[in-house]
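Trainee: Got a structure here, written out as structure tokens. Questions coming.
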Amino acid sequence: MLILSIRRVTMAADGFQFAFTPEVETSTAPLWEKVKQHVTPMEWRRQAPLIAEINRLKQAKNAVILAHNYMTPEIFHGVGDYVGDSLGLAKEAARSDAAVIIQAGVHFMAETSKILSPEKRVLIPDLRAGCSLASSITGADVRLIKQRYPGLPVVTYVNTSAEVKAETDICCTSANAVQVVEEAARLWGVDRVILIPDEFLARNVARQTDIKIIAWQGRCEVHERFNAADILELRAAYPDAEILAHPECPTDVIEASDFTGSTAAMTDYVAKRRPKRVVMITECSMASNVAADSPETQFIGPCNLCPHMKRITLENIYETLVHDRYEVTVDPAIADRARLAVQRMIDLPPPAVPARYDLVKARHHVDVELI
Ligand code: 13P
Ligand code: SF4
């Protein structure tokens, strides 16, 4: 009897549908109102029962879903218990008292959760959800960099492996990179800081501080594809649109935009300023998720898809809960060293105001030293 019922559920995730019952329709109706601009009724009849089932299983298993801002709207609004940027998700992983963390995001985020909560079971729905920045650098690379620049602090973007974090003095995210670089320079008593592996983040930070930056040539494959001509074209077509760009974008894109900040800072910008029209130069799901809470703002493309983030689906989140897979582990010796770097970042006060490009617009051609 038990075997039969498990099989029925498994088959559902493999392609058979749960019933879109009147109960499911009623319980998911408020959510439908939020996502209906981005999900067709046909998709919703398949997704809504899965959302209801995931939310039931989460409670039964004392699991929490941490969902990044780049998740699709049905995940972000439907099953995410905590949604946010990399900094917010890391803080929540440290805070959560759930037994199981399901990371609706990419592998480095799940590793960060495991580093901060070694006693919890951390699961990711697809182990192949990587990141071009994380795979651009290894722990051995960082050891060589430290030999080349003895005495300088190593600030590492959280978009890196646990092995790289273990070689790091202090981590940063796009929300706090300027603050972390300045804090590292102050603590080490130096005027140069190594900020790796995102070259564009490093270049964009260099424009906002007097600290000299030593950078690595890693790139986000999603944000590096935008260029300044895209922005000029958008300005000509939509002169009243406010253009927000993620700091992983090339510097000329940032220069042509109105604002730069982390995904959480972009969300906050729209919530507070309520622009009539906005363009988000970042991953595609970001605008869909913010649009659901900002009906008076018109969101205009373009956007690029992150193939790694898009590996996470409602179906594989459901399967993660049913099969208790795929567990993300970190060697305890590496985790202990990496935790120091992540915890130093978490212990900093929250960044006071999001980075505002217009405050530093005069600072052109601030160069970085490329390793
Ligand atoms: P934030 O959410 O920290 O802005 O990062 C964006 C990103 O690319 C995560 O993969
Ligand atoms: Fe990595 Fe870029 Fe995808 Fe973020 S958007 S996970 S930085 S490849």
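The values are calculated or read from the model by the stated rules, or taken from the named source; none is laboratory data. Small disclaimer: the values here were computed from a predicted structure and weren't measured. Reconstructed Cβ throughout: ideal geometry from the backbone, glycine too, with neighbour counts over all protein chains shown. Calculation scope for accessible area: heavy atoms of the full protein, side chains included, ligands and nucleic acids excluded. Shrake-Rupley method; radii C 1.70, N 1.55, O 1.52, S 1.80 Å.
Trainee: Quick one: which of Tyr157, Tyr149 is over 16 Å from the mean Cα position of the chain (by Cα) and of a type in the set (Phe, Trp, Tyr)?
Mentor: None of the other options fit; the residue is Tyr149.
Trainee: Take Arg225 and decide whether it is surrounded by fewer than 24 Cβ atoms within 10 Å (Cβ to Cβ) and under 25 Å from Arg192 (Cβ atoms).
Mentor: Spelling it out, it is not the case that Arg225 is surrounded by fewer than 24 Cβ atoms within 10 Å (Cβ to Cβ) and under 25 Å from Arg192 (Cβ atoms).
Trainee: Looking at segment 167-214, which of its residues are acidic (Asp, Glu) and within 15 Å of ligand 2 (Cβ to nearest atom)? Break it down stepwise before answering.
Mentor: So the first thing to find is which residues in segment 167-214 are acidic (Asp, Glu), and the list is 167, 169, 182-183, 191, 198-199, 210.
The answer is Asp198, Glu199.
Trainee: Restricting attention to segment 47-67, report how many residues are part of a helix (DSSP H, G or I) and either under 24 Å from the mean Cα position of the chain (by Cα) or touching a residue at least 40 places away in the same chain (Cβ under 8 Å) (or both).
Mentor: Of the residues in that region, 8 qualify.
Trainee: Which one is surrounded by the fewest Cβ atoms within 10 Å (Cβ to Cβ) among residues in segment 301-319 that are in contact (Cβ under 8 Å) with a residue 60 or more places away in the chain, assigned to a loop (DSSP other than H, G, I, E, B) and away from ligand 1 (no atom under 13 Å from the Cβ)?
Mentor: Pro302
Trainee: Out of all the residues in segment 219-239, is one or more more than 18 Å from Glu369 (Cβ to Cβ) and touching a Lys or Arg at 6+ places or on another chain (Cβ under 7 Å)?
Mentor: Yes, some residue in segment 219-239 is more than 18 Å from Glu369 (Cβ to Cβ) and touching a Lys or Arg at 6+ places or on another chain (Cβ under 7 Å).
Trainee: Looking only at segment 68-91, which residues are within 17 Å of Asp268 (Cα to Cα) and either within 15 Å of ligand 1 (Cβ to nearest atom) or of a type in the set (Ser, Thr, Tyr) (or both)?
Mentor: Answer for segment 68-91, where residues must be within 17 Å of Asp268 (Cα to Cα) and either within 15 Å of ligand 1 (Cβ to nearest atom) or of a type in the set (Ser, Thr, Tyr) (or both): His68, Asn69, Tyr70, Phe76, Tyr82, Val83, Gly84, Asp85, Ser86, Leu87, Gly88, Leu89.
Trainee: All but one of (1) open to solvent by less than 10 Å² (accessible area, probe 1.4 Å); (2) away from ligand 1 (no atom under 13 Å from the Cβ); (3) closer than 19 Å to Asp85 by Cβ hold for Ser288, so report the exception by its number.
Mentor: With (1) open to solvent by less than 10 Å² (accessible area, probe 1.4 Å); (2) away from ligand 1 (no atom under 13 Å from the Cβ); (3) closer than 19 Å to Asp85 by Cβ applied to Ser288, the lone miss is (1).
Trainee: I've got another one for you. What's the total number of residues in segment 99-124 that are open to solvent by 10 Å² or more (accessible area, probe 1.4 Å), touching a strand residue (DSSP E or B) at 6+ places or on another chain (Cβ under 7 Å) and away from ligand 2 (no atom under 16 Å from the Cβ)?
Mentor: 5
Trainee: How many residues are under 22 Å from Arg143 (Cβ atoms) and not in a helix (DSSP H, G or I) if we restrict to segment 185-211?
Mentor: The total comes to 8.
Trainee: I'm checking my understanding of the structure. Among residues of segment 320-330 that are open to solvent by 30 Å² or more (accessible area, probe 1.4 Å) and assigned to a helix (DSSP H, G or I), which one is farthest from Phe18 (Cα to Cα)?
Mentor: His323
Trainee: Being of a type in the set (D, E, K, R), open to solvent by 10 Å² or more (accessible area, probe 1.4 Å) and closer than 15 Å to Glu224 by Cβ is the filter here; which residues of segment 249-285 pass it?
Mentor: Going through segment 249-285, the residues of a type in the set (D, E, K, R) turn out to be 252, 255, 258, 268, 272-274, 276-277, 283.
Within this subset, residues satisfying the condition of being open to solvent by 10 Å² or more (accessible area, probe 1.4 Å) are 252, 255, 258, 268, 272-274, 276-277.
Result: Asp252, single match.
Trainee: Scan segment 185-216 for residues that are over 23 Å from the mean Cα position of the chain (by Cα) and not charged (D, E, K, R) and jot them down.
Mentor: Ala185, Leu187, Trp188, Gly189, Val190, Val193, Thr209, Ile211, Ile213, Ile214
Trainee: Then there's this: Looking only at segment 126-179, count how many residues are of a type in the set (A, V, I, L, M, F, W, C) and not in a loop (DSSP other than H, G, I, E, B).
Mentor: The first filter runs over segment 126-179 and keeps only residues of a type in the set (A, V, I, L, M, F, W, C), leaving 127, 129, 131, 133-134, 137, 140, 142, 144-145, 152, 154-155, 158, 162, 164, 166, 170-172, 175, 177-178.
Next, from what is left, pick out any that are not in a loop (DSSP other than H, G, I, E, B): 134, 140, 142, 144-145, 154-155, 162, 164, 166, 170-172, 177-178.
Total meeting the criteria: 15.
Trainee: Please go through segment 147-157 and pick out each residue that is more than 10 Å from ligand 2 (Cβ to nearest atom) and in contact (Cβ under 8 Å) with a residue 24 or more places away in the chain.
Mentor: Arg148, Tyr149, Gly151, Leu152, Pro153, Val154, Val155, Thr156
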